[in-house]
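The values are calculated or read from the model by the stated rules, or taken from the named source; none is laboratory data. These figures come from a predicted structure and were not determined experimentally. Backbone-built Cβ (ideal geometry, glycine too); neighbour counts: all protein chains shown.
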Amino acid sequence: MTSDSAAHPGSAVRLGSVELPGPVMTASGTAGHGAELARYMNLSLLGAVVVKSLAAYEWAGNPAPRVHPAGSGMLNAVGLQGPGIPHWLEYELPALIATGARVVASIWGRSVEDYRLAAQLLASAPAEVVAVEVNLSCPNLEGRRGIFSHDAALSAQVVSATAVCGRPRWAKLSPNTDRVVEVAAAVRDAGAEVVTLSNTLLGMVLDPASGLPVLGAGGGGYSGRPVHAIAVRTVFDVYAALPSLPIIGVGGVSDGWDAAELLLAGASAVQVGTATFADPAAPLNVQRALLAWCAERGCSPAALTGLAHRGGLAALA
């Protein structure tokens, strides 16, 4: 199709030392661990496939129920269920590589040592694993026992510890703090080439019959279209403070304009997550729509990055 990235030489984007042929990726947690979405779209046409976060070990996740609608968004508390990196490398990654996709491995842990072990296991991963996204938006057993990315020093320790993966690291941060810029600067200084902004918001839904939380874990992460404006603001603020730090924008993206808006705010690429539950081909459809939007204006996606800080779309003239 004429709107696929393969037909647009100008669709490539650069994220630190990694160049991707397209500006749109899947978001971790919404695309599975392997080639689950290959039946719905050609994964090789995306910039990359970011897999569901993996730990060094198998993890069962949270008790059911794990997902619930919340207005026009979604609440989830899956709890980072996964088979562990050794199983993933042997049984799930090969099928994903066979699709021609570029792969980004997302990792998580409950301690700095957990992250180091996860990164070490990825040191032997094939070259198709082009980067490691360090998911810092999960609870920790160290520091103040909160969320890693609410603590700049602890986030920096994690990023430093994950250097053993031997490939570029992207730090995925949480919007549930007023310290996002501080944390972004800390992980950059610790070796992260890129920051992903951002993860879900903390939320909760109560059951009208019982008055109790509907999810088995109580609260969860809120995602979908209602969080998009928050993602745009987060990207905008970090770009304004740290304009040389590449950003991946994620949050409520479901069409081409949503993606363009994050680029204008300061992102160099975008990820599509919750929209995939309604339309499993949403990441590729968003990329096609974004490329068409750019073609109408005679620009590349890369040319949009940060234009909201430099006169907006008038700067394209």
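Of all residues in region 229-260 being among the polar types (S, T, N, Q) and surrounded by fewer than 22 Cβ atoms within 10 Å (Cβ to Cβ), which is farthest from Val134 (Cα to Cα)? Among them, the one singled out is Ser254. Please list, ordered by first then second residue, the pairs with beta carbon atoms under 8 Å, 6 or more apart or interchain, first in region 235-249 and free of Cβ contacts under 8 Å to residues at least 40 places away in the same chain, second part of a helix (DSSP H, G or I) and crowded, with 16+ Cβ neighbours inside 10 Å. From region 235-249, the pairs are Val235/Leu262; Val235/Ala265.
Number of residues in region 47-73 that are over 22 Å from Val112 (Cβ atoms) and in contact with a Phe, Trp or Tyr (Cβ under 7 Å, 6 or more places away or on another chain): the value is 2. Does region 185-200 include one or more residues that are surrounded by 18 or more Cβ atoms within 10 Å (Cβ to Cβ), touching a helix residue (DSSP H, G or I) at 6+ places or on another chain (Cβ under 6 Å), in a helix (DSSP H, G or I) and at pLDDT 95 or above? There is at least one residue in region 185-200 that is surrounded by 18 or more Cβ atoms within 10 Å (Cβ to Cβ), touching a helix residue (DSSP H, G or I) at 6+ places or on another chain (Cβ under 6 Å), in a helix (DSSP H, G or I) and at pLDDT 95 or above. Scan region 113-148 for residues that are part of a helix (DSSP H, G or I), over 27 Å from Ala101 (Cβ atoms) and either at pLDDT 95 or above or touching a Lys or Arg at 6+ places or on another chain (Cβ under 8 Å) (or both) and the total you get is 1. Just a yes or no: is a residue in region 60-68 in a helix (DSSP H, G or I) and surrounded by fewer than 17 Cβ atoms within 10 Å (Cβ to Cβ)? Looking for residues that are in a helix (DSSP H, G or I) and surrounded by fewer than 17 Cβ atoms within 10 Å (Cβ to Cβ), one finds none in region 60-68, hence no. Filtered by the rule that a residue be surrounded by fewer than 16 Cβ atoms within 10 Å (Cβ to Cβ) and among the basic types (Lys, Arg), region 36-59 gives a lone residue, Arg39.
Collect the residues in region 217-260 that are modelled with pLDDT under 95 and either in a loop (DSSP other than H, G, I, E, B) or aliphatic (A, V, I, L, M) (or both), keeping them in residue-number order. Of everything in region 217-260, those that are modelled with pLDDT under 95 and either in a loop (DSSP other than H, G, I, E, B) or aliphatic (A, V, I, L, M) (or both) turn out to be Ala217, Gly219.
Close Cβ contacts (under 7 Å, 6 or more residues apart or on different chains) running from residues in region 254-268 that are in contact (Cβ under 8 Å) with a residue 24 or more places away in the chain to residues that are aromatic (Phe, Trp, Tyr) and surrounded by 24 or more Cβ atoms within 10 Å (Cβ to Cβ) comprise Ala265/Tyr239; Gly266/Tyr239.
Residues in region 69-110 that are of a type in the set (Val, Ile, Thr) and either closer than 21 Å to Leu284 by Cα or surrounded by fewer than 17 Cβ atoms within 10 Å (Cβ to Cβ) (or both): 4 in all. Looking only at residues that are more than 15 Å from Tyr40 (Cα to Cα) and polar (S, T, N, Q) in region 262-314, which one is surrounded by the fewest Cβ atoms within 10 Å (Cβ to Cβ)? Top of the filtered list is Ser300.
In region 78-100, the residues that are free of Cβ contacts under 8 Å to residues at least 40 places away in the same chain and under 17 Å from Gln120 (Cα atoms) form Cβ pairs under 9 Å with partners that are aromatic (Phe, Trp, Tyr) and assigned to a loop (DSSP other than H, G, I, E, B), at six or more places apart or across chains, as follows: Gly84/Tyr57; Ile85/Tyr57; Pro86/Tyr57.
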